[in-house]
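Down below is the structure, laid out as structure tokens.
Any read-out appearing in this document is the output of simple, stated calculations on the displayed coordinates, not a laboratory observation. Note that the structure is a prediction, hence the values are computed from the model and not measured. With ideal geometry, Cβ positions are generated from the backbone for all residues, glycine too; neighbour counts draw on all protein chains shown.
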Amino acid sequence: MKPVEIAKAQGKLGVMLVGLGAVSTTFIAGVLAIRKGLALPIGSLTQMGTVRLGKRTEGRSPKIKDVVSLAHLDDLVFGGWDIFQEDCYEAARTAGVLEGELLEQIRPELQAVKPLPAVFDPHYVKRLRGPNVKKGKNKRELADQVIEDIRRFQKDNHLDRVVMVWCGSTEIFMTETPAHASVPDFERALECNDPAIPSSMVYAYAALKEGIPYANAAPNLTVDVPAMLALAQETRAPLAGKDLKTGQTLVKTIVAPGLKARLLGVKGWYSTNILGNRDGEVLDDPESFKTKEESKKSVLDYILQPQLYPELYKDLCHVVRINYYPPRGDNKEGWDNIDLFGWLGYPMQLKINFLCRDSILAAPIVLDVVLFLDLARRAGLSGIQEWLSFYFKSPMHAPGLYPEHDLFIQLMKLKNTLRYLKGEELITHLGSEYYDW
Ligand SMILES: NC(=O)c1ccc[n+]([C@@H]2O[C@H](COP(=O)([O-])OP(=O)(O)OC[C@H]3O[C@@H](n4cnc5c(N)ncnc54)[C@H](O)[C@@H]3O)[C@@H](O)[C@H]2O)c1
């Protein structure tokens, strides 16, 4: 196979984050700390992961970052928008994820990241109000202001390339309307302030118009509409999303494929969480929770495939709850109760109690998605990057396909994509060459 031509990752890469909350500040502070040698990039495939190349007997398993040209952590420059004026140091303090001692060691760099005024309308995020908000006569004008922000950020920091990631709050549940049908329809809707266009779509439109890769860390509809997909194709911008796969859903997509692999039946899966950060507060609003719930619930259906295994999974009762409980802050606690059954239908139970740290699980994903989207752009891959499904609860996929949720298939897909880019043989795990077949 011939390798794909990939422009080298030269110069600086701007990372523009919409929302400087818990996830963003933990990501930025983490990268700064790692750059200074204060900590390790644990959880990041681009920094610590390896990829096997060739046969098992060849012993070639280099680090991913030595196989494909990825931006170096020293070359990342951070910026973004928020409805609050706190700089990144204060915002990290407010988020309360990282310890003060660590934050003090990177304080000047964090303080240098100051949020630009946001595109924000409380209609789409009911529980938030903030002072740092743009004004414009319509959504088109707001999008133009975001484009202006991107260009200025790029110029002031002498950036070679930019990636945008939505790390803002979860918006209310929305579905596709005629305003999303095509780029001209969407642009008309921007002009006439159509309510079908939430703030997140204004940012995404600005990024895609500029040909900038865009990732959606939240479950918002944003780029899952024909107009955005068409715009991404037009400007050759890569897309990834949506809703970072952390905490309970990560565990679900590890355990469920195992149960299905052994053909164990599942009658019920009850998941509940307590969470006390700002994300939890936003999700306490039923309209934002609905967006999250849809994203979390589809996972089991796709992994267990009840249409293929009706005796095992047809009547599965799947319940997901998130309860806002301030004393816990970002340190979420999740409980899963799984009612399963085995040989001759005999019932069993599996209980999982995960005391996780949401943003600690999310930060390395943001890093990987930024670096891989930048790689995709340099490799000429545009539109939906399904190979990045590994990182998302509701992976984007081409129309007519079903999404792949199984974490292990997702990882294989990601690594095979890297092999493909490098012109290396894809790994099928058949292994017939080692035996006498
Ligand atoms: N933490 C995780 O593990 C995780 C996992 C999956 C998805 N997510 C999603 O990622 C997003 C961020 O999570 P978080 O924990 O950092 O939340 P957070 O509440 O700490 O941060 C979100 C930030 O976005 C800002 N914001 C909201 N609307 C905005 C807008 N229109 N423009 C600019 N800024 C805006 C808020 O002011 C806030 O500072 C949420 O949507 C969450 O559901 C988080």
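Checked against (1) more than 18 Å from residue 72 (Cβ to Cβ); (2) assigned to a helix (DSSP H, G or I); (3) within 16 Å of the ligand (Cβ to nearest atom), residue 16 passes all but condition (2). Filtered by the rule that a residue be among the aliphatic types (A, V, I, L, M) and within 27 Å of the chain's Cα centre (by Cα), the range 305-320 gives 319, 320. Within the range 137-168, the set of residues being in a loop (DSSP other than H, G, I, E, B), touching a residue at least 12 places away in the same chain (Cβ under 8 Å) and on the phi < 0 side of the Ramachandran plot comprises 138, 157, 167, 168.
Yes or no, residue by residue, for (1) over 24 Å from residue 93 (Cα atoms); (2) in a helix (DSSP H, G or I):
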| residue | (1), (2) |
| --- | --- |
| 290 | yes, yes |
| 297 | yes, yes |
| 303 | yes, yes |
| 307 | yes, no |
| 321 | yes, no |
| 338 | yes, no |
| 354 | yes, no |
| 365 | no, yes |
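Where helices (runs of 4 or more DSSP H) fall wholly inside the range 46-133, the ranges with 3 or more residues that are within 16 Å of the ligand (Cβ to nearest atom) are 88-95. Residues in the range 368-388 that are among the charged types (D, E, K, R) and in contact with a Pro (Cβ under 9 Å, 6 or more places away or on another chain) were compared, and the one that is surrounded by the most Cβ atoms within 10 Å (Cβ to Cβ) is 374.
Scanning the range 376-394 for residues that are in contact (Cβ under 8 Å) with a residue 40 or more places away in the chain and more than 15 Å from residue 221 (Cβ to Cβ) yields 376, 377, 378, 379, 380, 381, 382, 383, 385, 388, 390, 391.
Please verify whether residue 291 is touching a Phe, Trp or Tyr at 6+ places or on another chain (Cβ under 8 Å), of a type in the set (Val, Ile, Thr) and in contact (Cβ under 8 Å) with a residue 60 or more places away in the chain, treating the condition exactly as stated. Yes: the conditions hold for residue 291.
Can you name every one of the helices (runs of 4 or more DSSP H) wholly within the range 179-249 that holds 1 or more residues which are within 15 Å of the ligand (Cβ to nearest atom)? The qualifying helices (runs of 4 or more DSSP H) are 199-209. Residues in the range 303-321 that are buried (at least 17 other Cβ atoms within 10 Å of the Cβ) and either out of contact with any Lys or Arg (no Cβ under 7 Å at 6 or more places or on another chain) or aromatic (Phe, Trp, Tyr) (or both): 312, 313.
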